[in-house]
1. If I ask for residues that are over 27 Å from residue 124 (Cβ atoms), at pLDDT 85 or above and part of a loop (DSSP other than H, G, I, E, B), which ones from the stretch 1-24 would you list?
2. If you go through the stretch 55-67 one residue at a time, do you hit one that is in contact (Cβ under 8 Å) with a residue 12 or more places away in the chain, charged (D, E, K, R) and touching a Ser or Thr at 6+ places or on another chain (Cβ under 8 Å)?
3. Quick test of your reading of the structure: residue 119 fulfils all but one of (1) touching a helix residue (DSSP H, G or I) at 6+ places or on another chain (Cβ under 8 Å); (2) at pLDDT below 90; (3) surrounded by 11 or more Cβ atoms within 10 Å (Cβ to Cβ). Name the failing condition by number.
4. Please enumerate the residues belonging to the stretch 87-97 that are in contact with a helix residue (DSSP H, G or I) (Cβ under 9 Å, 6 or more places away or on another chain) and either part of a loop (DSSP other than H, G, I, E, B) or hydroxyl-bearing (Ser, Thr, Tyr) (or both).
5. Surrounded by 14 or more Cβ atoms within 10 Å (Cβ to Cβ) and farther than 19 Å from residue 18 by Cβ: does that describe residue 64?
6. Just the residues that are without any contact (Cβ under 8 Å) to a residue 60 or more places away in the chain and not β-branched (Val, Ile, Thr), please, taken from the stretch 44-53.
7. Scan (1) assigned to a loop (DSSP other than H, G, I, E, B); (2) crowded, with 19+ Cβ neighbours inside 10 Å for the single condition residue 50 breaks and write down its number.
8. Determine the pairs where a residue that is within 16 Å of residue 66 (Cα to Cα) and of a type in the set (Lys, Arg), located within the stretch 90-115, has a partner that is modelled with pLDDT of 90 or more and crowded, with 16+ Cβ neighbours inside 10 Å with Cβ atoms under 6 Å apart, the partner being 6 or more residues away or on another chain.
Amino acid sequence: MIENNTDAHILVSMTYASRANSDVSANDFNEILQQAQRNNAANGITGMLIFNKDYFLQTIEGPRAQINRLLYSLIADQRHHDLQLIETRELKHRLWAKWSMNYASPTEENAAIYLKYSTTVSFNPYLLNAESANDLMRELSEV
């Protein structure tokens with residue numbers, strides 16, 4: 001029997017926000033980032049991750065089946081909670097093709113970019129709509 005896996009040719013993008021558990025350290029985060037870069041490269045997934053001490057904001061893109069599998073493992077990951085999807089959509093072309101996982105954290109140099117997209121003085125990705133989340137990540141990747 002020949003398996004028809006047309007799903008592998010359907011690219012999707014998924015953006016989500018989640019809350020970091022209070023015990024996630026800088027070392028834990030570096031491990032998360034390195035693990036994501038390795039696993040994503042092996043599974044044809046690319047993306048962008050923003051992290052501060054309280055929140056994750058991430059866009060991942062790749063074959064629909066791979067993104068769905070990754071979503072299940074993200075939901076089960078005990079290092080964060082309250083995962084909320086901001087946007088899921090089909091893609092014609094990848095936006096993050098150069099990175100298995102690009103990363104940005106709040107710095108003095110990019111503080112104005114965070115404030116531009118924030119509705120409060122502190123960064124809270126739960127308050128971003130899909131367009132603002134995507135624009136924020138694009139702008140931070142250019143810094």
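The values are calculated or read from the model by the stated rules, or taken from the named source; none is laboratory data. Only a predicted model underlies this, so the values are computations on that prediction, with no experimental measurement involved. Heads up, the Cβs are rebuilt from the backbone with ideal geometry, glycines too, and the neighbour counts pull from every protein chain shown.
1. Filtering the stretch 1-24 for residues over 27 Å from residue 124 (Cβ atoms) gives 1-11.
Imposing the further condition that a residue be at pLDDT 85 or above reduces the set to 10-11.
Result: 10, single match.
2. Pass one, the stretch 55-67, residues in contact (Cβ under 8 Å) with a residue 12 or more places away in the chain: 55-67.
Imposing the further condition that a residue be charged (D, E, K, R) reduces the set to 61, 64.
Next cut, touching a Ser or Thr at 6+ places or on another chain (Cβ under 8 Å) only: 61.
For the stretch 55-67, residues in contact (Cβ under 8 Å) with a residue 12 or more places away in the chain, charged (D, E, K, R) and touching a Ser or Thr at 6+ places or on another chain (Cβ under 8 Å): present.
3. Residue 119 satisfies all of (1) touching a helix residue (DSSP H, G or I) at 6+ places or on another chain (Cβ under 8 Å); (2) at pLDDT below 90; (3) surrounded by 11 or more Cβ atoms within 10 Å (Cβ to Cβ) except (3).
4. Of all residues in the stretch 87-97, those in contact with a helix residue (DSSP H, G or I) (Cβ under 9 Å, 6 or more places away or on another chain) come to 87-90, 95-96.
Passing the criteria: 88, 95, 96.
5. Numbers: surrounded by 14 or more Cβ atoms within 10 Å (Cβ to Cβ): yes; farther than 19 Å from residue 18 by Cβ: yes.
Yes; evaluated as a whole, the condition is true for this residue.
6. Narrowing the stretch 44-53 to residues without any contact (Cβ under 8 Å) to a residue 60 or more places away in the chain: 44-47, 49, 51, 53.
Result: 44, 47, 49, 51, 53.
7. Of everything listed in (1) assigned to a loop (DSSP other than H, G, I, E, B); (2) crowded, with 19+ Cβ neighbours inside 10 Å, residue 50 misses just condition (1).
8. Qualifying pairs under 6 Å: 94/46; 94/61.
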